[in-house]
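Working notes for the structure below.
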Amino acid sequence: MPDEVVRTRFAPSPTGLMHIGNARTALVAWLFARRAGGRFLLRIEDTDPERSSPFYEEAILRDLRWLGLDWDEGVGAGGEYGPYRQSQRLDLYARYARKLLESGWAYYCYCTAAELAEQKESALARGLPPRYDGRCRQLTEEKRRELEREGRRPVLRFRTPPGEEIVVEDLIKGRLVFASADLDDFVLLRPDGRPLYNFAAAVDDALMRITHVIRGEEHLSNTPRQILLCRALGLPVPRFAHLGVLLGPDRRKLSKRTGAASLADLREHGYLPEAVLNYLALLGWSPPGGEEVMRREELLQSFALEKLGSGPAVFDRQRLDWFNGQYLRALSREELVGRSLPFLQAAGLVGTPPSAEERERVERVMAVLQPELTVLAEVAAKAKPFLQVPSPQEWEAEAQQELAHPQTRLVLAEAREALQQAADDFSPEAIRSALHRLPPRLGLGKGRVFRPLRAALTGRLSGPELHLLVWALGREDAVARLERGLKELKREANSP
Ligand code: GLU
């Protein structure tokens with residue numbers, strides 16, 4: 001089919017928040033469609049009413065939008081193959097179930113949960129795989145009626161053909177061969193008529209004209225079932241690409257402890273969507289030029305699904321941090337301020353909206369902090385000493401020690417003088433030279449001068465370079481803080 005339009009889909013079940021694993025699957029399906037000039041669909045697989053919720057559906061839509069993965073058809077976008085929410089397609093599944101029933105590909109099964117458990121146990125005892133033994137395959141009409149009179153409600157099962165070979169040319173994993181003998185007669189419809197995953201997915205992929213099913217390898221065992229269903233229904237079989245699993249840096253299944261996270265969690269921590277997108281695309285794939293920082297457009301230029309490694313990929317939160325740092329540093333000042341403000345506002349450090357003066361100060365503070373940021377969630381803690389005068393109770397112990405030093409009073413008084421007189425533009429350079437004149441003038445070592453200054457200005461000894469710190473505070477505030485330090489020293493000297 002040379003001029004076939006590529007159609008891929010992301011088909012999440014709204015039963016939880018979107019994690020990096022799902023996000024990676026969505027991204028790969030999206031990239032594949034976009035690169036081929038095809039269409040990307042969003043189908044919501046909500047046939048399990050107990051576990052599905054509109055809350056999670058909303059969250060998935062929001063997360064996809066946040067990542068910048070736009071979809072052409074589906075929930076929230078419409079399209080000619082809808083509805084795209086499986087709970088609204090029950091009549092379609094019923095229709096295809098009837099077809100299977102009429103053609104003999106499906107049959108009703110009345111076994112109770114206890115009977116099924118018993119069958120599995122007895123199979124195990126005989127050294128066979130534990131599964132349904134197919135006893136309802138040949139039920140007569142009469143027997144069925146009898147079972148129904150007992151009040152039993154049947155499930156609909158697929159009559160898996162014996163001795164078939166199912167070959168899949170997986171775009172990532174290569175040639176895969178499955179034997180139908182290894183599959184049981186799986187359930188298609190529950191007693192209440194709701195479809196199970198394999199049936200609904202196979203019908204929908206065909207009806208929505210999906211050309212490429214791209215998903216995680218945990219679905220590999222479903223693939224032969226879906227193919228058999230398509231064949232039985234005379235529906236087209238899509239092509240498949242199964243992504244290797246994501247492991248933590250310890251090469252074990254990704255867990256909370258090893259940095260697994262929901263996208264909501266990453267967003268709240270101040271990861272930038274462009275950094276997340278970039279890193280996710282590089283899991284299991286290395287761009288031909290070896291470059292690492294790649295924006296959406298660059299990914300669209302060079303991403304190749306067939307080049308994805310077929311084995312597991314390692315998700316390393318520290319690598320994501322590195323990417324995030326790169327993207328944070330590449331932001332324009334204005335953008336960085338815009339993205340930081342919500343974090344500063346949430347911490348009560350600036351007003352909503354910020355006053356002009358606050359904004360100006362935030363701009364200077366962010367200029368100073370930009371080189372050292374990894375995630376925006378750090379912004380509040382790092383900016384706090386600039387935006388709020390720390391009370392003496394908040395001073396760190398080492399900072400207090402510095403202030404207790406006998407030379408400190410002289411240092412603060414001289415520095416106040418120097419800052420008041422520093423060149424008019426109060427540029428970082430002007431501040432730097434004003435401050436650097438102090439140690440020789442006072443006959444003190446640099447540390448003896450700069451440490452207590454830092455302590456008096458921010459109540460701590462760590463932070464950006466001193467002249468940048470003073471610049472971010474601004475002349476007036478820096479001088480006021482030194483004065484406060486001096487007052488504090490006087491109060492202490494006077495107290496018994
Ligand atoms: N609803 C399935 C899931 O969330 C989709 C699997 C598929 O892509 O076929 O895992």
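The values are calculated or read from the model by the stated rules, or taken from the named source; none is laboratory data. If you're wondering where the values come from, they're calculated on a predicted model, not measured in any experiment. Here Cβ is always computed from backbone atoms with ideal geometry, including for glycine, and neighbour counts include all displayed protein chains.
Out of the helices (runs of 4 or more DSSP H) lying entirely within segment 210-288, which hold 1 or more residues that are within 16 Å of the ligand (Cβ to nearest atom), within 30 Å of VAL337 (Cβ to Cβ) and modelled with pLDDT of 95 or more?
Working: elements: 223-233, 263-268, 273-281.
Here the list reads 263-268.
Has segment 175-191 got at least one residue that is within 14 Å of the ligand (Cβ to nearest atom), crowded, with 20+ Cβ neighbours inside 10 Å and part of a strand (DSSP E or B)?
Filtering segment 175-191 for residues within 14 Å of the ligand (Cβ to nearest atom) gives none.
Checked segment 175-191: no residue is within 14 Å of the ligand (Cβ to nearest atom), crowded, with 20+ Cβ neighbours inside 10 Å and part of a strand (DSSP E or B).
Which of the following residues is free of Cβ contacts under 8 Å to residues at least 60 places away in the same chain, in contact with an Asp or Glu (Cβ under 9 Å, 6 or more places away or on another chain) and surrounded by fewer than 16 Cβ atoms within 10 Å (Cβ to Cβ): GLU50, GLU102, GLU80, GLU58? I'd like the intermediate steps shown before the answer.
Values: GLU50 fails: in contact with an Asp or Glu (Cβ under 9 Å, 6 or more places away or on another chain); GLU102 fails: in contact with an Asp or Glu (Cβ under 9 Å, 6 or more places away or on another chain); GLU58 fails: in contact with an Asp or Glu (Cβ under 9 Å, 6 or more places away or on another chain).
After ruling out the rest, the residue left standing is GLU80.
Okay, residues lined up against (1) away from the ligand (no atom under 16 Å from the Cβ); (2) in a loop (DSSP other than H, G, I, E, B); (3) under 23 Å from LEU207 (Cβ atoms):
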site	(1), (2), (3)
GLY16	no, yes, no
ALA26	no, no, yes
TRP30	no, no, yes
LEU41	no, no, yes
GLU57	no, no, yes
LEU64	no, no, yes
SER87	no, no, yes
ARG95	yes, no, yes
TYR107	yes, no, no
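Does any residue in segment 1-30 that is of a type in the set (D, E, K, R) come within less than 6 Å, Cβ to Cβ, of a residue that is within 12 Å of the ligand (Cβ to nearest atom) and not in a helix (DSSP H, G or I) six or more places away or on a different chain, and which pairs are these?
ARG7/ILE210; ARG9/LEU41; ARG9/ARG43; ARG9/ILE210
Is it the case that segment 76-87 has a residue that's within 21 Å of the chain's Cα centre (by Cα) and at pLDDT 95 or above? Even if it seems obvious, please write down each step before you answer.
Step one: filter segment 76-87 for residues within 21 Å of the chain's Cα centre (by Cα), giving 76.
Those left that are additionally at pLDDT 95 or above: 76.
Yes.
Pairs only if they're at least six apart or on different chains, beta carbon under 9 angstrom, first in segment 215-236 and under 20 Å from LEU171 (Cα atoms) and among the aliphatic types (A, V, I, L, M), second in a helix (DSSP H, G or I) and within 11 Å of the ligand (Cβ to nearest atom); list them, first residue then second.
Correct list of pairs: ILE227/ALA202; LEU228/ALA202.
Taking segment 86-98 as the region of interest, how many residues are over 15 Å from ARG157 (Cβ atoms) and either out of contact with any strand residue (DSSP E or B) (no Cβ under 7 Å at 6 or more places or on another chain) or free of Cβ contacts under 8 Å to residues at least 40 places away in the same chain (or both)? Please lay out each step first, then the result.
Here is the first cut: in segment 86-98, the residues over 15 Å from ARG157 (Cβ atoms) are 86-92, 94-95.
Checking the rest, the ones that are also either out of contact with any strand residue (DSSP E or B) (no Cβ under 7 Å at 6 or more places or on another chain) or free of Cβ contacts under 8 Å to residues at least 40 places away in the same chain (or both) come to 87-92, 94-95.
So the count comes out to 8.
Sort through PRO392, PRO354, PRO342 and tell me the only one that's over 22 Å from TRP66 (Cβ atoms) and either among the basic types (Lys, Arg) or surrounded by fewer than 16 Cβ atoms within 10 Å (Cβ to Cβ) (or both).
On the way: PRO354 fails: either among the basic types (Lys, Arg) or surrounded by fewer than 16 Cβ atoms within 10 Å (Cβ to Cβ) (or both); PRO342 fails: over 22 Å from TRP66 (Cβ atoms).
Selected residue: PRO392, the only one of PRO392, PRO354, PRO342 that is over 22 Å from TRP66 (Cβ atoms) and either among the basic types (Lys, Arg) or surrounded by fewer than 16 Cβ atoms within 10 Å (Cβ to Cβ) (or both).
Of the residues GLY463, GLY443, which is at positive phi and at pLDDT 95 or above?
Working: GLY463 fails: at pLDDT 95 or above.
When all the criteria are applied, what remains is GLY443.
Being over 25 Å from LYS256 (Cβ atoms), small (Gly, Ala, Ser) and over 17 Å from the mean Cα position of the chain (by Cα): is that true of GLY68 here?
Details: over 25 Å from LYS256 (Cβ atoms): yes; small (Gly, Ala, Ser): yes; over 17 Å from the mean Cα position of the chain (by Cα): no.
Taking the combined requirement at face value, the residue does not satisfy it.
What are the residues in segment 83-99 that are of a type in the set (Lys, Arg) and surrounded by 13 or more Cβ atoms within 10 Å (Cβ to Cβ), if any? Steps first, answer last, please.
Keep residues of segment 83-99 that are of a type in the set (Lys, Arg), which gives 85, 89, 95, 98-99.
Once the filter is applied, which keeps residues that are of a type in the set (Lys, Arg) and surrounded by 13 or more Cβ atoms within 10 Å (Cβ to Cβ), segment 83-99 yields ARG85, ARG89, LYS99.
Quick one: in segment 195-209, of everything that is touching an Asp or Glu at 6+ places or on another chain (Cβ under 9 Å) and assigned to a helix (DSSP H, G or I), which residue is nearest to the ligand (Cβ to nearest atom)?
ALA201
Being surrounded by fewer than 16 Cβ atoms within 10 Å (Cβ to Cβ), under 41 Å from the mean Cα position of the chain (by Cα) and away from the ligand (no atom under 15 Å from the Cβ), is that true of even one residue in segment 130-147?
Yes: segment 130-147 contains one or more residues that are surrounded by fewer than 16 Cβ atoms within 10 Å (Cβ to Cβ), under 41 Å from the mean Cα position of the chain (by Cα) and away from the ligand (no atom under 15 Å from the Cβ).
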